[in-house]
Amino acid sequence: MAPHFVGVAGLPRSGSTLLCQLLAEHPEIHCEGHSSPLCNSLLMTRRTISDDQFMLSQLDVQFDTTYGHLKSAMQGFLRGWYADCGKPVVADKNRAWLHCIELVLELDPTAKFLVTVRELGQIYGSIEAQHQKTILLDFIDHLADFDRLGRADQLFAKDKAIGAPLSSIQSVQDLPQAVKERIFFVRFEDLMARPADTMAAVYKWLGVSAHKIDPRKLTVRPHESDSHFRHKYLHRQQSKIAPPKVHEIPLRVQELIKKACGWYYEWFYPAPKAK
């Protein structure tokens, strides 16, 4: 039997690498922790087959049968990727899972998705701090020539590192309720402050047995390539959970972020209600 599938996605610098490390601590979960090519492979299959003339002509002649062949083949690809992992649950990390949740649920209605979030100013601050440490290297999308405000504006654009997954998170509100129930948001701040309790809730939602992690003694596994992103978004694992320092960012940048992304703060960081 193929393992139950869990897609791990989220905003950059929001703890998806740590979440995968903690998922892998559970004896029933297989999680390699790297950004996997599985999601991209499914998306490329859809794009390629949609342009294939033989496929299109067969759809004209016998749509239901041919579409059934396609669905069966893509289901086999999804299930077969981790068929030999030897565990009942597999967690696959790729930020692009956010863009194709409904595609995956068409192939596997039992699939679930874990999505990491973090206070947006601190996400920007973390990226900017790492850029200052590697300022002689440009970003993969060439943002180094911008000033700090301009770089923040670019990072939050809808096709950029923060803006693209942020737009996908916002679009969750438009999904049917049955799809929303397949998504579990994990706040970075909760992973830092209450890792054991947070993971207990995650494990319970995934339907695996209870398992207690030791935040001071974690298994360190090989991390994914940081050179691909020019060392601007590090993916290092640590042997223990240590909350990062608070990043200082320009006040006007913080104010612009909160103004532009008010919905995000209402969802994940609502202001305390007045007594």
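Quick note: the coordinates plus some simple rules give every number you see, no bench work behind them. Since the model is a prediction, treat every value here as computed from it, not as a measurement. Positions of Cβ are generated from backbone atoms using ideal geometry, with glycine treated the same way; all protein chains shown enter the neighbour counts.
Would you give the gap between the C-alpha center of segment 217-253 and the C-alpha center of segment 29-82, rounded to a whole Å?
Computed from Cα coordinates, the inter-centre distance equals 33 Å.
Run lengths n ≥ 4 of DSSP H only: what is the helix-derived mean residue ellipticity at 222 nm for the chain, with -39500 (n - 2.57) per run over all residues, to the nearest 500?
Details: 13 runs with 125 residues, N = 275.
So the calculated ellipticity at 222 nm is -13000 deg cm²/dmol.
Net charge around LYS204, counting only other residues with Cβ within less than 14 Å of its Cβ (Lys, Arg = +1; Asp, Glu = -1)?
Numbers: positive: LYS112, LYS212; negative: GLU28, ASP197.
Summing Lys/Arg as +1 and Asp/Glu as -1 gives 0.
Select from ALA200, ALA161, ALA178 the residue whose mean-square fluctuation is largest in a Gaussian network model of the chain (Cα-Cα springs shorter than 10 Å).
Most flexible of the set in this elastic network: ALA178.
Using the Cα atoms as the points, what is the convex hull volume per residue of the chain in Å³?
Numbers: hull volume 45.2 nm³, N = 275.
Expressed per residue, the convex hull around the Cα atoms of the chain is 164 Å³.
Work out the length of the dipole vector of segment 135-275 about its Cα centre, built from +1 on the beta-carbon of each Lys and Arg and -1 on the beta-carbon of each Asp and Glu, and round it to the nearest 20 debye.
The dipole of segment 135-275 has a size of about 620 debye.
Amide H neighbours of LEU137 under 5 Å, at least 5 residues apart or on other chains, H built in the peptide plane: list them.
Distant-sequence amide H within range of LEU137: zero hits.
For a label point 7 Å from the Cα of GLN75 along Cα→C-beta, name the residues of segment 1-39 whose backbone N is under 20 Å from it.
Hits in segment 1-39 for GLN75 at 20 Å: 1-7, 39.
Could you sort the peptides 104-112, 90-98 by per-residue average Cβ neighbour count (10 Å cutoff), highest mean leading? Please report the intermediate quantities before stating the final value.
Details: 104-112: 16.1, 90-98: 23.4.
By packing density, highest mean first, the sequence is 90-98, 104-112.
Enumerate the calculated ³J(HN,Hα) couplings along segment 138-151 in order (Karplus 6.51 cos²θ - 1.76 cosθ + 1.60, θ = phi - 60°), each rounded to whole Hz, writing x wherever the residue is Gly or Pro.
Once rounded to whole Hz, the list reads 7, 5, 4, 9, 6, 9, 5, 6, 7, 6, 4, 5, x, 5.
So how strong a dipole does the chain carry about its Cα centre when Lys and Arg Cβ are +1 and Asp and Glu Cβ are -1, to the nearest 20 debye? Write down the numbers at each step before the final one.
On the way: 34 positive and 31 negative charges, 226 e Å.
So the magnitude is around 1080 debye.
Nearest 20 debye, what's the magnitude of the dipole of segment 76-183 about its Cα centre given +1 on Lys and Arg Cβ and -1 on Asp and Glu Cβ?
Details: 13 positive and 15 negative charges, 70 e Å.
Magnitude of the dipole: close to 340 debye.
Taking 0.36 nm per residue of sequence separation and subtracting the Cα-Cα distance, how much length would be gained by fully extending the chain between LYS240 and TYR269, in nm to one decimal? Write down the numbers at each step before the final one.
Values: separation 29, 0.36 × 29 = 10.44 nm, distance 2.58 nm.
Full-extension gain reported as 7.9 nm.
Take THR45 and THR65, extend 7 Å from each Cα along the Cα→Cβ direction, and tell me the distance between the two endpoints in nm.
Distance between the two pseudo-spin positions: 2.2 nm.
Treating cross-link reach as a plain straight distance, find the lysines whose alpha-carbon is under 20 Å from the alpha-carbon of LYS212, omitting any fewer than eight places away in the same chain.
Once the sequence-local lysines are set aside, what remains near LYS212 is LYS87, LYS204, LYS240.
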